[in-house]
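Engineer: Quick one: structure below, then a few questions.
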Amino acid sequence: MKKVALGKTGYQVGNIVYAGIVSMNEQQADSNNYVAQAIDRGVNYFDVAPSYGNAEVILGESLKPYRKDIYLACKTTERKARDAEKEFHQSLKNLHTDWFDVYQLHSLTTPEDVEMAFGPGGTMDMVLKFQKEGLVRKIGFSAHSERAALEALKRYDFDSVMFPLNWLLNMGQGIGNELMKAKQEKGFGVLAIKSIVERAWIKDKERENSPWPKSWCKPFDASDTAGRLAGMRYTWHLGADVLIPPGNWECQSFMIDHAQEAASQPYGAKDKALLAARFELMKDHPFFDKNNGNWPQ
């Protein structure tokens with residue numbers, strides 16, 4: 001797997017990340033197998049969060065033999081330092097580690113998320129303290145709103161940003177364009193989620209009856225190799241450094257297996273035509289809108 005620089009972190013990482021939610025609710029032996037396969041195929045960056053159910057506990061066991069050889073990222077949805085600190089130490093324990101290579105404010109979406117996290121006694125105070133103590137090496141955030149991401153970047157010079165860079169959202173609403181301009185100016189690494197997502201779930205029980213019940217939105221079908229590759233290339237074309245698959249082994253293994261194929265050819269005319277046609281079919285089913293988080297206009 002191709003190794004790339006993750007922005008200004010100094011980390012050289014495989015261009016496909018292991019999504020910790022892949023291990024959620026899996027048998028320990030299966031998670032161990034997934035992690036071993038991923039590492040054998042070049043994955044060296046693992047991302048997880050306490051909000052992913054039992055993923056930390058299961059993934060932590062799977063990573064025991066490899067901790068010193070991989071980058072481990074964790075995150076928190078807590079917005080106050082006093083709440084985040086307890087969770088932070090539990091995450092260290094669950095993951096059998098003494099430090100996080102990247103620690104992130106998770107799922108910044110609303111104005112309140114940003115104000116609380118960066119305000120007096122906010123989670124950012126805790127993260128900065130733990131960085132000084134060596135428990136956190138690099139600092140990032142994930143956002144489900146471009147406005148939230150841009151506001152966070154005004155308040156701190158982050159090392160990394162996790163964000164949904166997706167063909168449907170970008171073609172339809174331009175979501176991600178402003179963030180990628182900021183990347184050029186500030187140099188943070190971009191970990192892109194949702195690159196092979198096709199649309200929102202639109203039918204009752206569609207998600208739970210699908211092969212991807214842990215995915216928040218619908219991926220391209222497993223048989224739709226061309227669609228998935230086009231989605232991956234589109235996201236890299238926008239400027240993402242690395243891609244994070246939807247949270248299931250089928251998507252994870254597909255993106256690992258096809259990373260070289262997708263990355264070796266630039267986004268081109270065939271991809272553009274395919275996604276333009278698909279956009280006409282899916283444009284009424286985006287999984288975010290431009291003002292996600294109800295930011296004031």
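Engineer: Can you go through G293, G247 and tell me which one is touching a residue at least 60 places away in the same chain (Cβ under 8 Å) and at positive phi?
Structural biologist: Details: G247 fails: at positive phi.
The unique qualifying residue is G293.
Engineer: Pick from segment 235-272 the residues that are assigned to a helix (DSSP H, G or I) and among the hydroxyl-bearing types (S, T, Y): which of them is farthest from the chain's Cα centre (by Cα)? It would help to see each step written out before you state the result.
Structural biologist: Applying the first criterion (assigned to a helix (DSSP H, G or I)) to segment 235-272 yields 235-238, 249-257, 259-264, 269-272.
After this cut, where a residue has to be among the hydroxyl-bearing types (S, T, Y) as well, the list is 235, 253, 264.
Details: T235: 13, S253: 16, S264: 22 Å.
Taking the candidates together, the pick is S264.
Engineer: Checking the conditions here, which among N94, N32, N15, N25 is in contact (Cβ under 8 Å) with a residue 60 or more places away in the chain, among the polar types (S, T, N, Q) and touching a helix residue (DSSP H, G or I) at 6+ places or on another chain (Cβ under 7 Å)? Even if it seems obvious, please write down each step before you answer.
Structural biologist: Working: N94 fails: in contact (Cβ under 8 Å) with a residue 60 or more places away in the chain; N32 fails: in contact (Cβ under 8 Å) with a residue 60 or more places away in the chain; N25 fails: touching a helix residue (DSSP H, G or I) at 6+ places or on another chain (Cβ under 7 Å).
Testing whether each residue is in contact (Cβ under 8 Å) with a residue 60 or more places away in the chain, among the polar types (S, T, N, Q) and touching a helix residue (DSSP H, G or I) at 6+ places or on another chain (Cβ under 7 Å) leaves just N15.
Engineer: I'm trying to understand the selection: among the residues of segment 160-182, which are within 17 Å of S107 (Cβ to Cβ) and part of a helix (DSSP H, G or I)? Walk me through how you get there before you give the answer.
Structural biologist: Quick first cut of segment 160-182, residues within 17 Å of S107 (Cβ to Cβ) only: 160-166, 169, 175-176, 179.
Within segment 160-182, L169, L179 qualify.
Engineer: Let me ask something else. Return the residues of segment 40-79 that are within 24 Å of M126 (Cα to Cα), part of a loop (DSSP other than H, G, I, E, B), of a type outside the set (S, T, Y) and touching a residue at least 60 places away in the same chain (Cβ under 8 Å); say none if nothing qualifies.
Structural biologist: none
Engineer: Looking at R41, R67, R82, which one is surrounded by fewer than 17 Cβ atoms within 10 Å (Cβ to Cβ) and in contact with a Gly (Cβ under 8 Å, 6 or more places away or on another chain)? Step through it out loud before you land on a result.
Structural biologist: Details: R41 fails: in contact with a Gly (Cβ under 8 Å, 6 or more places away or on another chain); R67 fails: in contact with a Gly (Cβ under 8 Å, 6 or more places away or on another chain).
None of the others qualify; the one that does is R82.
Engineer: Got a sec? Which of F130, F118, F88 is closer than 23 Å to N54 by Cα and surrounded by 17 or more Cβ atoms within 10 Å (Cβ to Cβ)?
Structural biologist: Being closer than 23 Å to N54 by Cα and surrounded by 17 or more Cβ atoms within 10 Å (Cβ to Cβ) holds for just one of F130, F118, F88, which is F88.
Engineer: Does R278 fit the bill of being surrounded by 13 or more Cβ atoms within 10 Å (Cβ to Cβ) and either at pLDDT below 95 or assigned to a loop (DSSP other than H, G, I, E, B) (or both)? Walk me through it before giving the result.
Structural biologist: Values: surrounded by 13 or more Cβ atoms within 10 Å (Cβ to Cβ): yes; either at pLDDT below 95 or assigned to a loop (DSSP other than H, G, I, E, B) (or both): no.
It is false that R278 is surrounded by 13 or more Cβ atoms within 10 Å (Cβ to Cβ) and either at pLDDT below 95 or assigned to a loop (DSSP other than H, G, I, E, B) (or both).
Engineer: Something else about it: For A148, state whether it is in a helix (DSSP H, G or I) and surrounded by 17 or more Cβ atoms within 10 Å (Cβ to Cβ). Give the steps one after another, and end with the answer.
Structural biologist: On the way: in a helix (DSSP H, G or I): yes; surrounded by 17 or more Cβ atoms within 10 Å (Cβ to Cβ): yes.
Spelling it out, A148 is indeed in a helix (DSSP H, G or I) and surrounded by 17 or more Cβ atoms within 10 Å (Cβ to Cβ).
Engineer: Does E61 satisfy the condition of being among the charged types (D, E, K, R) and more than 15 Å from N248 (Cα to Cα)? Full working, then the answer.
Structural biologist: Numbers: among the charged types (D, E, K, R): yes; more than 15 Å from N248 (Cα to Cα): yes.
The answer is yes for E61.
Engineer: The conditions are (1) in contact with a Leu (Cβ under 8 Å, 6 or more places away or on another chain); (2) surrounded by fewer than 24 Cβ atoms within 10 Å (Cβ to Cβ); (3) closer than 18 Å to L281 by Cβ; (4) among the aliphatic types (A, V, I, L, M), and I175 fails exactly one of them. Which is it?
Structural biologist: (3)
Engineer: Filter segment 183-208 for residues that are surrounded by 18 or more Cβ atoms within 10 Å (Cβ to Cβ), small (G, A, S) and outside any strand (DSSP E or B) and give the result. Talk me through it step by step, then tell me what you get.
Structural biologist: Initial filter on segment 183-208 (surrounded by 18 or more Cβ atoms within 10 Å (Cβ to Cβ)): 183, 188-199.
Subsequent filtering for residues that are small (G, A, S) retains 189, 192, 195.
Once the filter is applied, which keeps residues that are surrounded by 18 or more Cβ atoms within 10 Å (Cβ to Cβ), small (G, A, S) and outside any strand (DSSP E or B), segment 183-208 yields only S195.
Engineer: For segment 216-234, name all the residues that are modelled with pLDDT of 95 or more and in a loop (DSSP other than H, G, I, E, B). Don't jump to the end; show me each part of the working.
Structural biologist: Of the residues in segment 216-234, the ones modelled with pLDDT of 95 or more are 217-234.
C217, F220, D221, A222, S223, D224, listed by residue number.
Engineer: If you don't mind, there's one more thing I want to ask. State all residues of segment 101-132 that are closer than 18 Å to E146 by Cα and under 15 Å from the mean Cα position of the chain (by Cα); if no residue qualifies, say none.
Structural biologist: Filtering segment 101-132 down to residues closer than 18 Å to E146 by Cα leaves 104-118.
Across segment 101-132, the qualifying residues are Q104, L105, H106, S107, L108, T109.
The values are calculated or read from the model by the stated rules, or taken from the named source; none is laboratory data. Not measured: the values here are computed from a predicted model. Glycine also receives a Cβ, built like all others from the backbone with ideal geometry; neighbour counts cover every protein chain displayed.
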